[in-house]
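Visitor: Would you mind keeping the following structure in view while I ask a few things?
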Amino acid sequence: MQNKWLVGVSLIMPVARRTLFASALALVLMACGCSSFNRDWKKAATAAPTSDLGGRWSGTWRSETSGHTDQLRCLMTPLTNGLLAARFQAKYHKGIFRFTFSYTAQLSVTNRDGRSEFEGESNLGWYAGGVYRYRGSATGTNFFSNYDSKYDRGTFEMTRPGSAE
C-alpha cells in the first residue's frame, strides 16, 4: 500500500514543480514588463510630446460591469499613417492584492474639429477577457475612451501628468 502512495506522489510532484516553475516564470515576466514600462515612463517625462497625442498620459479606468476602478497610465508613440501605439499600464485591486497589468493597443487616429478621434483593439488573452475594443477622442490635454470586450465594458479618462509624476 505504501508503494502505491509513493507512486501517486511521484506522479504529482513533477506536475507541482512544473506548475510552480510556470507561475514563477509568469511573475518574473510580468515584473520585467512593469519595470520596462516604469523606466520608459520616467524617460518620457523629460521628452517633449512627439505629436498631439504622443507622450505620457495618466488617469483612471472604470469598469461599468463590475464597478472596479483604479490607476491608468499610458505612453503614446506615433507610428505611421495615422496610427499610434498606446502602451497602457493599469492597476487592479482584487481583495487585499493589487496587480499591475501592461499591454499595447494600436489606435487609428483621425483629426476632426480640433480634436483627435481614435479606435483600435488589443487581444489581452483569455485570462484578461480576450479582445478589447477602444473608441474615443482626445485633445492635447484630455483623453477619453470607451472600451468593451466579451465580459467587460467601461471608460478610460486621462490627462497629461506633471513632470514629477
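Visitor: Can you confirm whether the stretch 83-98 contains a residue that is surrounded by 16 or more Cβ atoms within 10 Å (Cβ to Cβ), within 11 Å of the chain's Cα centre (by Cα), closer than 21 Å to K43 by Cβ and aromatic (F, W, Y)?
Guide: Yes, there is a match, as at least one residue in the stretch 83-98 is surrounded by 16 or more Cβ atoms within 10 Å (Cβ to Cβ), within 11 Å of the chain's Cα centre (by Cα), closer than 21 Å to K43 by Cβ and aromatic (F, W, Y).
Visitor: Identify all residues within the stretch 51-91 that are at pLDDT below 90 and of a type in the set (A, V, I, L, M, F, W, C); write none if there are none.
Guide: Within the stretch 51-91, just L53 meets the criteria.
Visitor: Do the conditions hold for T104, that is, is it surrounded by fewer than 16 Cβ atoms within 10 Å (Cβ to Cβ) and under 21 Å from D40 (Cβ atoms)?
Guide: Yes, satisfied.
Visitor: Among the residues of the stretch 136-157, write down those that are over 16 Å from the mean Cα position of the chain (by Cα) and of a type in the set (K, R).
Guide: K150
Visitor: Taking the stretch 70-110 as the search range and keeping residues that are touching a residue at least 24 places away in the same chain (Cβ under 8 Å) and polar (S, T, N, Q), which one is farthest from F37 (Cα to Cα)?
Guide: Only one residue tops the list, namely T110.
Visitor: Shifting gears a bit: Output yes when any residue across the stretch 92-110 is assigned to a strand (DSSP E or B), of a type outside the set (F, W, Y), in contact with an Asp or Glu (Cβ under 9 Å, 6 or more places away or on another chain) and at pLDDT below 90, and no when none is. Lay out the reasoning, then the answer.
Guide: The initial filter retains those residues of the stretch 92-110 that are assigned to a strand (DSSP E or B), namely 92-94, 97-110.
Within this subset, residues satisfying the condition of being of a type outside the set (F, W, Y) are 93-94, 98, 100, 102, 104-110.
Next cut, in contact with an Asp or Glu (Cβ under 9 Å, 6 or more places away or on another chain) only: 93, 98, 105-110.
This time we only want the ones that are at pLDDT below 90, so: 93, 98.
Looking for residues that are assigned to a strand (DSSP E or B), of a type outside the set (F, W, Y), in contact with an Asp or Glu (Cβ under 9 Å, 6 or more places away or on another chain) and at pLDDT below 90, one finds at least one in the stretch 92-110, hence yes.
The values are calculated or read from the model by the stated rules, or taken from the named source; none is laboratory data. Owing to the predicted nature of the structure, the values given are computational and were not obtained by experimental measurement. Note: ideal-geometry Cβ built from the backbone for every residue, glycine included; neighbour counts use all protein chains shown.
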